[in-house]
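The values are calculated or read from the model by the stated rules, or taken from the named source; none is laboratory data. This structure is a prediction, so every number in the text was calculated from the model and none was measured. Every residue, glycine as well, gets a Cβ built from its backbone with ideal geometry; the counts of neighbours run over all protein chains shown.
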Amino acid sequence: MTSEPTPDDRPVGAALPDWAPPAAPDPATLTGRTVTLEPLDRRHATDLFAAWHGHDELWTYLPWGPFDDAASIEPLIDGLNAQDDWLPHAVVVDGVAHGMISYLRIRPRAGSIEIGGITHGPAIQRTAVTTEATFLLADRAFELGYRRLEWKCDALNAASRRAASRFGFTEEGTHRQAVVVRGRNRDTTWFSILDHEWPSRRAEFVRWLDPANHADGTQRSPLHMWSDDGN
């Protein structure tokens, strides 16, 4: 981003004369070809318990879980919905919730919003469903006028780091000793997509999600993201 000199020749960031803080996203159902994202509600708890039960590897890098039954998921749902800067969604396929994905760190005054809190059951992992779920939230964020989309994860979470790269996020660095999770240190790695980067990322998501790319039940060509310098 270019900068402009001040009267005393100190550089400052580029002026944004036409930018205004976007609205916070309202709870809404987002519908794609393979998935529907519904505002997370207690009614999803039974499906989520069935999707998550017996898969304790889901909780290694998350501050919640595992759960003993559907009722024990309800306080998590209530707690996330009570936070001003969270908007959780159930990941629904054919009427059944298989996972969760959220907006968080919703900061309209900064024009910044994060996708996180992702907990996909094994049935939808490594499928078009998870890619489209991320796409639907990312596309809505930029449609609303956000200028920065964030992704962050435990620096040791190799799967999340790969996903961020695959989805076109740029790694920005690691905050050392950022938080304590489950009594353990967590270094947090940050990623972002900026508004001027989104059109090229969006076009690649749309290409990959096209049914023609999955005509035989598997992808014919991978999702290919690149940096603005072509690498």
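For this structure, a couple of remarks:
- Scanning region 40-63 finds one or more residues that are touching a residue at least 40 places away in the same chain (Cβ under 8 Å), under 15 Å from Pro88 (Cα atoms), surrounded by 15 or more Cβ atoms within 10 Å (Cβ to Cβ) and in contact with a Leu (Cβ under 8 Å, 6 or more places away or on another chain).
- Test: residue in region 201-221 that is buried (at least 17 other Cβ atoms within 10 Å of the Cβ), in a loop (DSSP other than H, G, I, E, B) and either in contact with a helix residue (DSSP H, G or I) (Cβ under 8 Å, 6 or more places away or on another chain) or without any contact (Cβ under 8 Å) to a residue 40 or more places away in the chain (or both): no
- Scanning region 64-91 for residues that are surrounded by 13 or more Cβ atoms within 10 Å (Cβ to Cβ) and either in a helix (DSSP H, G or I) or of a type in the set (Lys, Arg) (or both) yields Ala70, Ser72, Ile73, Glu74, Pro75, Leu76, Ile77, Leu80, Asn81.
- Residue match in region 138-145 (condition: at pLDDT 95 or above, of a type in the set (Gly, Ala, Ser) and farther than 23 Å from Pro25 by Cα): no
- Ala71 satisfies every condition listed in (1) among the small types (Gly, Ala, Ser); (2) in contact with an Asp or Glu (Cβ under 9 Å, 6 or more places away or on another chain); (3) more than 24 Å from Gly168 (Cα to Cα) except (2).
- Residue tally, condition more than 17 Å from Ala141 (Cβ to Cβ), at pLDDT 95 or above and of a type in the set (Ser, Thr, Tyr), over region 1-53: 3
- For region 92-188, the strands (runs of 3 or more DSSP E) that sit wholly inside it and include 2 or more residues that are closer than 30 Å to Asp216 by Cα and under 14 Å from the mean Cα position of the chain (by Cα) are 96-107, 112-120.
- For Phe49, the conditions (1) in a loop (DSSP other than H, G, I, E, B); (2) touching a Phe, Trp or Tyr at 6+ places or on another chain (Cβ under 8 Å); (3) aromatic (Phe, Trp, Tyr) all hold with the exception of (1).
- Top-ranked residue of region 131-141 - restricted to ones that are of a type outside the set (A, V, I, L, M) and in contact (Cβ under 8 Å) with a residue 60 or more places away in the chain, ranked as surrounded by the most Cβ atoms within 10 Å (Cβ to Cβ): Phe135
- Any hit, region 115-132, residues being acidic (Asp, Glu), over 26 Å from Asn213 (Cβ atoms) and modelled with pLDDT of 95 or more: no
- Scanning region 85-101 for residues that are without any contact (Cβ under 8 Å) to a residue 24 or more places away in the chain and touching a strand residue (DSSP E or B) at 6+ places or on another chain (Cβ under 8 Å) yields a single hit, Asp85.
- Options Ser160, Ser165; residue that is touching a strand residue (DSSP E or B) at 6+ places or on another chain (Cβ under 6 Å), under 17 Å from Gln125 (Cα atoms) and touching a residue at least 60 places away in the same chain (Cβ under 8 Å): Ser160
- Evaluation of Ile113 against (1) in contact with a helix residue (DSSP H, G or I) (Cβ under 6 Å, 6 or more places away or on another chain); (2) within 19 Å of Asp41 (Cβ to Cβ); (3) buried (at least 22 other Cβ atoms within 10 Å of the Cβ) (one fails), failing number: (2)
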